[in-house]
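Scroll down for the structure; my scribbles are underneath it.
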Amino acid sequence: MRKVILNLAVTLDGFIEGPNGEVDWCIMDDDMDFGSFISSIDTIFYGRVSYDAWGNFQPDATTSHAEKEMWEGIHSKNKFVFSGQNRQDEKATFINSDIANRVAEIKQQHGRDIWLYGGASLIKTFINAGLIDVYKVSVHPVVLGTGKPLFEDLKERIGLRLTETNVFKSGVVQLTYEPEG
């Protein structure tokens, strides 16, 4: 069965973005091989705000070839947007009710794994509903002091089992966990 993978960057002090939504601290090393992750998925789950900001993002002319390729790979995936809005969009399917059952249906379909892109509200919903199969968290060597935390307002404790650790030349440490039980 397909897995829902939360794969995201976080600061050492646990923030997924700065106080003004900034992610300029996020490092993309060539040794991270993000392209392999993109190749391992065929579907992306977005919250509406993240989709509106990044779901159809087009890098400018000064962007590196590698980053342009990354965005092409991301934009080639099936996109589902979880939102209170019931919007028509030719590039994505909007889901506005019965999240757990819809996720279960999508996981049962033939295909590769699913990237839970975010944002914070959707991640919180998925965590509290037990819908994440793999937590792949890349801890970046920066402390912001304030911003949007990865984990907030959790209903209960979540036991995780470490399955993989990678250390990159930039100092980013990627930790991969699966829920216990």
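The values are calculated or read from the model by the stated rules, or taken from the named source; none is laboratory data. Every value quoted in this text rests on a predicted model; they were computed, and no experiment measured them. Using ideal geometry, Cβ is built from the backbone for each residue, glycine included, and neighbour counts are taken over all protein chains shown.
Filtered by the rule that a residue be aromatic (Phe, Trp, Tyr) and surrounded by fewer than 20 Cβ atoms within 10 Å (Cβ to Cβ), the range 109-127 gives no residues.
From the list Ile27, Ile74, the one residue that fits, being within 19 Å of Gly119 (Cα to Cα), in contact with a His (Cβ under 7 Å, 6 or more places away or on another chain) and either of a type in the set (Asp, Glu) or at pLDDT below 90 (or both), is Ile27. Tell me yes or no: at least one residue of the range 29-40 is touching a residue at least 40 places away in the same chain (Cβ under 8 Å), under 30 Å from Pro141 (Cβ atoms) and in a loop (DSSP other than H, G, I, E, B). For the range 29-40, residues touching a residue at least 40 places away in the same chain (Cβ under 8 Å), under 30 Å from Pro141 (Cβ atoms) and in a loop (DSSP other than H, G, I, E, B): present. Of the residues screened, Val142 is not one that is of a type outside the set (Asp, Glu), surrounded by 13 or more Cβ atoms within 10 Å (Cβ to Cβ) and more than 25 Å from Ile27 (Cβ to Cβ).
Being of a type outside the set (A, V, I, L, M), under 16 Å from the mean Cα position of the chain (by Cα) and in a helix (DSSP H, G or I) is a condition met by no residue of the range 92-103. Among residues of the range 161-173 that are free of Cβ contacts under 8 Å to residues at least 24 places away in the same chain, those with a Cβ under 6 angstrom from a residue that is surrounded by fewer than 13 Cβ atoms within 10 Å (Cβ to Cβ), sequence gap 6+ or separate chain, pair up as Arg161/Glu180. Restricting the first member to the range 96-113 and to residues that are free of Cβ contacts under 8 Å to residues at least 40 places away in the same chain, and the second to residues that are surrounded by 12 or more Cβ atoms within 10 Å (Cβ to Cβ), the beta-carbon pairs closer than 6 Å and six or more apart or on different chains are Asn96/Ser83; Ala100/Ala129; Arg102/Ile95. From the list Tyr46, Tyr51, the lone residue that is surrounded by 12 or more Cβ atoms within 10 Å (Cβ to Cβ), assigned to a helix (DSSP H, G or I) and at pLDDT 90 or above is Tyr51.
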